[in-house]
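*Asks:* This is the structure, below, for whatever I ask next.
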Amino acid sequence: MAHTRGITSLPTLDLSLLDGTAAQRQGFLDDLRHAARDVGFFYLTGHGIDTDLLKQVQSHARQFFALPDSEKTAVGMINSPHFRGYNRAASEITRGKPDLREQFDLGAERDALSLDENSPYWARLQGPNQWPAALPALKPLLLDWQQAMTGMSLRLLRAFAQALSLPQESFDQLYGDKPNEHIKLMRYPGQVPDESNQGVGAHKDSGFLSFLLQDHQTGLQVEIEEGLWIDALPRDNTLVVNIGELLELATNGYLRATVHRVLSPPEGSERLSIAFFLGAQLDAVVPLYPLPPELLREARGPASDPDNPLFRDVGWNYLKGRLRSHPDVAQRFYGDVLIPNALSA
């Protein structure tokens, strides 16, 4: 196992080096493999996402959270069987405790699937988003950003394949033509010292890759070893990237899905962050990829929580996470799934 005790900050990778010389490209792939295995988190510069677009996304996210409660609850997640929409602070649950953030969840803008009695439960996850009527510019802006982030993240995913000595298209079959693109706008209100500081509890991300755009307020922490946390400090025009459980599962634990959390900001301040998650399409099944022997020897096996086991069936794995995180939506739209053993059926 890699020695991580000397790590005090996340490594930084420059995606533009993929377009550099052969030596620069290979150096990037080597650094990518080491960062993803040893830490599971890194800063990404040279990502090619327009700076003005990033600033507009942040500005409109602030405008959304500044809307009256009536406008935000009109697009509440409780209205959506697809787990899309707004949640007040303390509505989402991580490790059994409420997360002290308000948030707005969006996915790929797709029609709901036609369902019958033979449809898998997870087929209900596909469907349209909810959009606030009071902020009409939000929809085209976030869909533009989603498209830009998908293109960049798929490029990075192909670089991961090459870094693992696999054909660059190895992961293509998993995301296909309907990748599970997920955007989450998040606002963390300040908390007084004697209250809970769980902005979001310690967890791993599902999916392939996660990208986080932070404002200037600190709070994100990464557990590089059990009980050893480091801060992922904000940097301008830089994305924080981390590995999801699907990549950990697909590489038998060679790539690392790392536990992380967000601490609430102090009273009188707030934290705004915007996440983009790239996942596989819902009907995909995650294979075990044939790593070369020198990498396979370093694979640690996927670290699965016995209370929250990983499924190779993408739709089931994603649904399981949504049901645990949003019990109110689960009760309203998935009562038949909540019966004992329904998820393993």
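*Asks:* Sort out which residues of the range 22-50 are over 19 Å from Ala161 (Cα atoms) and either more than 21 Å from the chain's Cα centre (by Cα) or charged (D, E, K, R) (or both), and write them in order of number.
*Replies:* Of everything in the range 22-50, just one residue is over 19 Å from Ala161 (Cα atoms) and either more than 21 Å from the chain's Cα centre (by Cα) or charged (D, E, K, R) (or both), namely Asp50.
*Asks:* Can you tell me how many residues within the range 175-185 are closer than 19 Å to Tyr318 by Cβ and in a strand (DSSP E or B)?
*Replies:* Of the residues in the range 175-185, 5 are closer than 19 Å to Tyr318 by Cβ and in a strand (DSSP E or B).
*Asks:* Can I ask one more? Would you be able to tell me the number of residues in the range 196-251 that are under 22 Å from Leu174 (Cα atoms) and part of a strand (DSSP E or B)? Give the derivation first.
*Replies:* Going through the range 196-251, the residues under 22 Å from Leu174 (Cα atoms) turn out to be 204-211, 241-251.
When the remaining residues are screened for being part of a strand (DSSP E or B), the result is 209-211, 241-243.
Count: 6.
*Asks:* Here is a list: Val262, Val240, Val329. Which entry is in contact (Cβ under 8 Å) with a residue 12 or more places away in the chain, of a type outside the set (Ser, Thr, Tyr) and closer than 19 Å to Phe160 by Cβ?
*Replies:* On the way: Val262 fails: closer than 19 Å to Phe160 by Cβ; Val329 fails: closer than 19 Å to Phe160 by Cβ.
Being in contact (Cβ under 8 Å) with a residue 12 or more places away in the chain, of a type outside the set (Ser, Thr, Tyr) and closer than 19 Å to Phe160 by Cβ holds for just one of Val262, Val240, Val329, which is Val240.
*Asks:* Regarding Gln126, is this residue within 20 Å of Asn317 (Cβ to Cβ), of a type in the set (S, T, N, Q) and crowded, with 18+ Cβ neighbours inside 10 Å?
*Replies:* On the way: within 20 Å of Asn317 (Cβ to Cβ): yes; of a type in the set (S, T, N, Q): yes; crowded, with 18+ Cβ neighbours inside 10 Å: yes.
Yes; evaluated as a whole, the condition is true for this residue.
*Asks:* If the requirement is being in contact (Cβ under 8 Å) with a residue 12 or more places away in the chain, of a type in the set (S, T, N, Q) and assigned to a loop (DSSP other than H, G, I, E, B), which of these qualifies: Ser114, Ser119, Ser170?
*Replies:* Only one candidate qualifies: Ser170.
*Asks:* Now for a different question. Here is a check on your reading of the model: is Phe208 under 27 Å from Leu249 (Cα atoms) and either touching a Pro at 6+ places or on another chain (Cβ under 6 Å) or modelled with pLDDT of 95 or more (or both)?
*Replies:* no
The values are calculated or read from the model by the stated rules, or taken from the named source; none is laboratory data. Everything quoted here is computed from the prediction, not taken from an experiment. So basically every Cβ, Gly included, is an ideal-geometry build from the backbone, and we count neighbours across all protein chains shown.
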